[in-house]
1. For GLU424, tell me the accessible area in Å² from a 1.4 Å probe, rounded to the nearest 10.
2. Could you give the nm distance between label points at ASP326 and ARG87, where each point is 7 Å from its Cα heading toward the beta carbon?
3. Please list 3J(HN,Hα) in residue order for segment 216-224, calculated via the Karplus relation 6.51 cos²θ - 1.76 cosθ + 1.60 where θ = phi - 60°; whole Hz, with x for glycine and proline.
4. How long is the gain from ARG766 to ALA220 if the chain were fully straight, where each residue apart is worth 0.36 nm and the alpha carbon distance is subtracted?
5. Could you calculate the contour length gain from LEU94 to LYS11, that is, 0.36 nm times the residue separation minus the distance between their Cα atoms, to one decimal place in nm?
6. Within straight cross-link reach of LYS186, meaning Cα distance under 16 Å, which lysines are found once same-chain residues fewer than 8 apart are removed?
7. How far apart, in nm, are two points set 7 Å out from the Cα along the Cα-to-Cβ line at ARG716 and at HIS380?
8. Once the piece of chain linking LYS278 and LYS592 is laid out straight, how much longer is it, given 0.36 nm per residue of separation minus the C-alpha distance between them?
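The values are calculated or read from the model by the stated rules, or taken from the named source; none is laboratory data. If you're wondering where the values come from, they're calculated on a predicted model, not measured in any experiment. Cβ placement follows ideal geometry from the backbone for every residue including glycine, while neighbour counts extend to all protein chains displayed. With ligands, DNA and RNA removed, areas are computed over all heavy atoms of the protein, side chains included. Shrake-Rupley method; radii C 1.70, N 1.55, O 1.52, S 1.80 Å.
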Amino acid sequence: MATNKDDFLKKLLAIFCLEADEHIQAMSSGLVALETMPAGEQRAQGMELIYREAHSLKGAARAVNLAEMEALCHALESVFDRLKNERLAATPLLFDLLHQTLEALGGLLACAGQAPAQAQKQAGAALLRRLDDALRGAPAVAPPVAEDTASLPAAAVVEADANVDPGAGPLVSRRRTETIRVTIAKLDSVMRQTEELLAPRLAADERARELRELGAALGAWKKLHARIRPAMRTVERAFVGAERVRGTAGERRDLTKLLEYLDAEPPLMKLLEDRLAKLESAAASDHRALSAMVDGLLHDVREMHMLPFSSLLEAFPRLARELARDQAKQVELVLRGKEIEVDRRILEQIKDPLNHLLRNCIDHGVEPPAVRERQGKPAHATLTIAVAHESGSKIEIMVTDDGAGIDLAKVKAASVKFGLMSAEELGTLDERKVLALVFQSGLSTSPIVTELSGRGLGLAIVREKVEHLGGSIALESQPGQGTAFRIVLPLTLATFRGVLVRAGGQVFVIPAVGVERVALVADKEVRTVENRETIMLDGQALSLVDLADVLEVPRSAAETAQSAQVVVLGRGSGRIAFRVDAVLAEQEVLVKSLGPQLARVRNLAGASVLGTGQVVAVLNVPDLLQSALGPLARPPASASDEPHAAAAQRSIMVAEDSITSRALIKNILESAGYKVTTAVDGVEAYTTLKSGSFDLLVSDVEMPRMDGFDLTAKLRADKALAHLPIVLVTALESREHRERGIDVGANAYVVKRSFDQSNLLEIVGRLI
C-alpha cells in the first residue's frame, strides 16, 4: 500500500510541476505587461488575472504540501487583492519585489519534492517580510476566496488517474477533460518510430516502380517474340520443303520442338503479363494506402510536437526588462507572431541563440536614454522579435533594434587586432562581407569583457546552432538606425524535403531549405572572373564551383554535353552555383546522425537511406558555401606543387605531448614548406622559444608540467614573445574552454574533432 501511495504522490507532484510552471509563467508575463499599462479597465483585468493565478497556485501547492510556495502565493494574492481594490500603490519598487517573488517561486518549483535548501528558506522568509512590510499600514486584507475548483481558471484544472478519489484536493479534476498529459520522452519515442516509417514507404514506392519497369520489359519482349515467330515459320518451310537442304532427322525434330515452344509461348506470356499487371496494380494500391497512412500519422504526430512560439518568448519581456535596468537603459520589447507553431525540438534549441541576440541588442545596439535623446530618438529603444511563415516548410525570425547599428570601422579594427584578417585583405571586402565578420569566433568590438559580451564567441555560437538546425542567419545594419538579424529555420526536424544530386559518380542529398533554385547553364555562358568560374543568373554574377571538387571526390569522366546542371545555394548576394552531374529528384528524406565518432564532419550533416536501400550522405549547406570560398574550391592552377618560398622561411614551434598528434601536425606543416621544431610540453616549448626565433606556436592544451593555457599566458606576459601568434589545438571543445583560450591571449582555437589539414594551414597562413 505504501508503494502505491508513493507512486501516486510522484504522479501528483509531476502534474503539479507542469501546472505550476504555467501559473508562474502567466504571472511573470502579466506582471511585465502590467508595468506599462495605463490605469483603466485593462489594467484592472491584468491584476485580476495575476490574482487568480496566485490563488490557483496556492491551492495546488497546498495539495502537495509545499508550504513555502503556498506562503509566498498567499502573500502575492494579498498584494494583488489590495492593488486591484486600489488600497496599495503600484510603485517600481513594488514591481521589483513582485518579480523577485516570482523568481523565488521558480526556484522552489525547480526543487519540488525535495526539502528546500537553507538559503532558499532564508530568501523566502526575507521576501515574505518585505511583502508584509509593503502591506503594513494598509487596510486589512479581505477574507481569502474559498478553495474550490469551481472558482479556479481552466488552466488550474488538470487530469488525474481514474483510481484517484475525486475529492482528494484542488489538483484533481472534478469534470472530464479532453486532454491528457504525456511525458516528453514517450512523445519523442513515438515521433522517432513514426519517422522511421518513411523508409518502408520509400521502399514501397521503389518496389512499385520496379514492377512497372518489369511490366514494360515484358511488353518489349512480347513485341520481339511476335516478330520472331513469322521468321521461324519461314525458316521451317525453307528447311523442309527445299530439296537442296539436307537436314538430319534430329535437326528436323529440334526445329519442330522449337516451333511448338514458340506456339505455346503466347498463352504463357499472356498469363505472366496478367499476373504482373495485377501485382503492379496491387503494389501501387498498397503504396498509396501506406503513403496516406504514414503521411497522416506523421502529420498528426508532428502536430503533437508543435508548440507556439509564445511558450518560448513569454520569458523574454522579463529578461529584457532586467537587462535594460542593469545597464540603465530603456527598452520596449515587441513580440509578433507568437501564435505560430514550430517543432518543440527546434524551440528548445533556438532558445539560447535568441537569448544571446536579445542580450547583444541591448548591450551593443541600444544607446543610453540621454544619448538617444541627443540624436533625436525616443528615450526608450524598441526591440522587436517577429516570427512569420516564410513558406510551407520554413519560418523566419527577425530580431531587430533601433539602436546605434554596427560600426564597420570597429569590426575592421577588431579583425586585425584578433588576427582574423590583415588590413590588406579587409581592403578587398565589400560592406556586406565586413559585416559578416561579426559571426567569426574570437571577434568582439566590445572594449571590455563583461558577463554579457566581449569574448567574441556569442554570435559565432549563434550561427553554429542555427546552422546545426538546418537553418541560416543573415545580418543587416544601418549606422544610427539599428540592426536586424534574420534567421530562417525549418518547421520540423529529422524529416525534410531533399534534392537528390549526383556528383563524382556518387549520390548526395541537399536539404531543399538551402536550395535557392536549380538551373541548366550552357558551357558557353561560363566565364572566368578573377581566376574563378562565373555565370550570370537572374542578372547577378555567381561563382561556379564543381560539387565534386568541394567534396574532394574525383570528378566524373568528361561528357560531351554542351550544358551543365547547377544547384544554386545561399541567399541574396551570398549565392553560389554548384555544378553537378545530374539533379535526380526531390523527395522527403529521413536524416540519420553519423554517430559520436563523426559528430562534426565538414560538409556533411548526416546520412539517409533511399528507397533502394542505398545509403547516401546529407550535405551541410552552410559548410558547402564556406568550403566553396576556400582553397579546395579554387582552380588547380592556383595550387603549387612546390612549397612556397615564403613558407619555407617561416619557423613554427609545435608543443604536443602525444607522439601521434605531434608527428601529424609536424608532417602537415612541413609538407606546406614550414620549418618545424617540436616540444613535448609547455616548459620545453617556452625554453626553446626563449632561445630561438619562431614565427608561430601551435600548442596542445592538455600537457604535463605546463599546459597550453598557462604557456599562452606566460608568453603574453613576456615582452620579447608577447606578439607571437599562438594556435591552440585541443580536444577541449566546450564554450568555457574556448573562452579561456581567448582570455589568455590565443589567436586561434582549433578543436581536434573538427580538425583537418586545410583548416590548420589556413589559420597558420593567415596569422603569419
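1. In the full protein context, GLU424 sits at about 140 Å².
2. Result: 3.8 nm between the two label points.
3. Each residue's phi maps through the Karplus curve to give 5, 5, 5, x, 5, 5, 4, 5, 5 Hz.
4. Details: separation 546, 0.36 × 546 = 196.56 nm, distance 6.35 nm.
Extra length available between ARG766 and ALA220 comes to 190.2 nm.
5. Numbers: separation 83, 0.36 × 83 = 29.88 nm, distance 3.63 nm.
26.3 nm is the gain from fully extending LEU94 to LYS11.
6. Of all the lysines, those that pass the test against LYS186 - Cα under 16 Å, at least 8 places apart if same chain - are LYS11.
7. Those two pseudo-labels are separated by 4.1 nm.
8. Working: separation 314, 0.36 × 314 = 113.04 nm, distance 3.57 nm.
Length gained, LYS278 through LYS592: 109.5 nm.
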